[in-house]
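*Asks:* The structure follows.
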Amino acid sequence: MISKREKVFNYAFLTVIAVAVLFPVVWILGVAVSPDVSGTLDLGNVQWSNFAEAWRQADFSQYLKSSLIITGTTVTISTVLAILSGYAFGVLGVVGEKLLFPLMLFGVMIPMEAIIVPLYYDFQSQGLTDTYQGIILAHVGTGVSFGAFWMRAAFRSVPASIGESAQVDGAGTWTMLWRIYLPIVRPAVSTFVLLSFMWTWNDYFLSLILVSDPAHQPLTLGLGAFSGRYLVHINLLAAAAVLISIPVVGLYTFCQRQFIRGMLSGAVKG
């Protein structure tokens, strides 16, 4: 039993943490609707036009198009590869799995900074820099290791007796995947989709190195260029940052239940 004193301490501690996390968010939202370009908070004169003005001055329409193309394609391809590789490693068994799977995990363990220089020169030699294909391929390549690891754990959390029963009833490999395993691990798939979307949408470093053409740059680089041109317009910068974060916040809010279920799906076995 937790004592009353421990409960009070826990709630007080969590309250302090929540305030520390939410304060910068609330402050940015307040600055985004303030009329003062220096970043002074002024909620007495709310100026909603800051969002439209930031969008117009930064010319975010082209950047938004690039972000949607890059993120949508990356998430789709990464999810398909994660499901197939996770199913292969977690259910079917792969020849040489004890060697191949740890080798694949190097993609999770090696930091991007360690490979970005040779990656850039490789892409440059193949003509993949400043293209949608190049940045999408880079995102998929850096995310496939985590996807295989994540979905392998999800598939292995499904009781083996379910797959065995399906095999006895004559179900083939693809039938087992689409009709039996995927419905069970749907929360894990939703969680991976959300994580992949968030990582790709918020990416700055990889896009900065591989994409210098403004016609193919995502919103994060557009915000960087905008901040370089309007360093003193803090309220417009805050408004632009809020606009960029809306898709991620909206997707998380919509998929919150699935996200939490996916994070906890492997915590309890059986």
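*Asks:* Picking from 191, 218, 238, whose Cα lies most toward the positive end of the charge dipole for the chain (charges on Cβ: Lys, Arg +1; Asp, Glu -1)?
*Replies:* Comparing the listed Cα positions along the dipole, 191 ranks first.
*Asks:* When you count, for each residue, the other Cβ atoms within 10 Å and take the mean per peptide, how do 96-103, 147-154, 177-184, 44-51 rank with the highest first?
*Replies:* With the highest mean Cβ count within 10 Å placed first, the list reads 147-154, 177-184, 44-51, 96-103.
*Asks:* Return the sequence-ordered ³J(HN,Hα) values of region 98-107 in whole Hz as given by the Karplus equation 6.51 cos²θ - 1.76 cosθ + 1.60 applied to θ = phi - 60°, using x for Gly and Pro.
*Replies:* These are the phi-based 3J(HN,Hα) values: 5, 9, 5, 5, x, 5, 5, 5, 4, x Hz.
*Asks:* Next up: Through the Karplus equation 6.51 cos²θ - 1.76 cosθ + 1.60, θ set to phi - 60°, convert the phi angles of region 59-64 into ³J(HN,Hα) values in whole Hz; use x for Gly and Pro.
*Replies:* Listing the rounded values in order: 6, 6, 4, 5, 4, 5 Hz.
*Asks:* Here is a follow-up. What is the distance, in nm, between label points placed 7 Å from the Cα along the Cα-to-Cβ direction at residue 99 and at residue 36?
*Replies:* In this crude spin-label approximation the distance works out to 6.6 nm.
*Asks:* Here's something else I'd like to know. May I ask which residue of 144, 74, 127 lies farthest towards the positive end of the charge dipole of the chain, with charges of +1 (Lys, Arg) and -1 (Asp, Glu) on Cβ and the Cα centre as origin?
*Replies:* 144
*Asks:* Right, next: Please give the solvent-accessible surface of residue 23 in Å², to the nearest 10, using a probe radius of 1.4 Å with every protein chain present.
*Replies:* Approximately 120 Å² for this residue.
*Asks:* Could you identify which residue out of 95, 19, 211 has the top mean-square fluctuation in a GNM of the chain using Cα springs shorter than 10 Å?
*Replies:* Maximum among the listed residues: 19.
*Asks:* Okay, moving on. Determine ³J(HN,Hα), in whole Hz, for all residues of region 206-223 in sequence, where each value follows from phi through the Karplus function 6.51 cos²θ - 1.76 cosθ + 1.60 and θ = phi - 60°; x replaces Gly and Pro.
*Replies:* Computed from phi, the couplings for region 206-223 are 5, 5, 4, 7, 8, 10, 10, 7, x, 5, 10, 7, x, 4, 4, 6, x, 5 Hz.
*Asks:* Could you rank 213, 122 by how accessible they are, 1.4 Å probe, largest area first?
*Replies:* Numbers: 213 55, 122 95 Å².
The most accessible residue leads, giving 122, 213.
*Asks:* Under a point-charge model restricted to the Cβ atoms of Lys and Arg (+1) and Asp and Glu (-1), what is the dipole moment magnitude of region 21-100 relative to its Cα centre, in debye to the nearest 20?
*Replies:* On the way: 3 positive and 5 negative charges, 69 e Å.
Around 320 debye, computed over region 21-100.
*Asks:* For the full complex of protein chains and a 1.4 angstrom probe, list 87, 252 by accessible area with the highest value first.
*Replies:* On the way: 87 10, 252 90 Å².
If we order 87, 252 from most to least accessible, we get 252, 87.
*Asks:* Suppose a student asked you for the relative contact order of the chain, using Cα pairs under 8 Å spaced at least 6 residues apart; what percent would you report? Don't skip to the end; give the middle numbers.
*Replies:* Numbers: 292 pairs, mean separation 85.1, N = 270.
Relative contact order of the chain: 32 percent.
*Asks:* Can you tell me what percent of all Cα-Cα pairs in region 20-158 are more than 20 Å apart? Mind showing how you got there, number by number?
*Replies:* Details: 6321 of 9591 pairs.
Counting pairs separated by more than 20 Å, the tail of P(r) holds 66 percent.
*Asks:* Sticking with this one: I want to verify the translational diffusion coefficient of the chain in µm²/s; compute it with Stokes-Einstein, Rh as the Kirkwood radius over Cα pairs, at 4 °C and 1.567 mPa s.
*Replies:* On the way: Rh = 21.6 Å.
It comes out at roughly 60 µm²/s.
*Asks:* Which residue, 127, 222, 170, tops the fluctuation ranking in a GNM of the chain built on C-alpha contacts under 10 Å?
*Replies:* In this elastic network of the chain, the residue with the biggest mean-square fluctuation among 127, 222, 170 is 170.
*Asks:* Rank 47, 21, 155 by how far each Cα sits towards the positive end of the charge dipole of the chain (+1 on Lys, Arg Cβ; -1 on Asp, Glu Cβ) and give me just the farthest.
*Replies:* Highest projection toward the positive end goes to 155.
*Asks:* Turning to a different aspect of this structure: Tell me, in nm to one decimal, what length is gained between residue 161 and residue 11 on full extension, where the rule is 0.36 nm per residue of separation less the Cα-Cα distance? Walk me through the numbers on the way to the answer.
*Replies:* Details: separation 150, 0.36 × 150 = 54.00 nm, distance 4.27 nm.
Gain in length upon complete extension: 49.7 nm.
*Asks:* A further question on this structure: Over the C-alpha atoms of region 87-179, what are the Rg and the largest Cα-to-Cα span, Dmax, in Å?
*Replies:* Computed over the Cα atoms of region 87-179, radius of gyration and Dmax are 17.7, 52 Å.
*Asks:* While we're looking at this one, here's another question. Using Cα-Cα distances under 8 Å and only pairs 6 or more residues apart, what relative contact order does region 100-236 have, in percent? Write down the numbers at each step before the final one.
*Replies:* Working: 67 pairs, mean separation 42.0, N = 137.
With pairs under 8 Å counted, the relative contact order is 31 percent.
*Asks:* Just how large is the dipole of the chain about the Cα centre, in debye to the nearest 20, putting +1 at every Lys and Arg Cβ and -1 at every Asp and Glu Cβ? All intermediate terms of the calculation are to be shown ahead of the outcome.
*Replies:* Numbers: 14 positive and 13 negative charges, 207 e Å.
With Lys and Arg at +1 and Asp and Glu at -1, about 1000 debye.
*Asks:* From the P(r) of region 3-99, can you give the percent of Cα pairs sitting at distances over 23 Å? Could the numbers behind the result be given before it?
*Replies:* Details: 3035 of 4656 pairs.
Here the long-distance tail beyond 23 Å is 65 percent of all Cα pairs in region 3-99.
*Asks:* Compare 133, 167, 217 in a GNM of the chain, Cα atoms joined below 10 Å, and give the one with the largest fluctuation.
*Replies:* It is 167.
The values are calculated or read from the model by the stated rules, or taken from the named source; none is laboratory data. Only a predicted model underlies this, so the values are computations on that prediction, with no experimental measurement involved. A quick note on method: Cβ atoms are made from the backbone with ideal geometry, for glycine too, and the neighbour counts reach across all protein chains shown. Side chains are part of the model used for accessible areas, which takes the heavy atoms of the whole protein and leaves out ligands, DNA and RNA. Shrake-Rupley method; radii C 1.70, N 1.55, O 1.52, S 1.80 Å.
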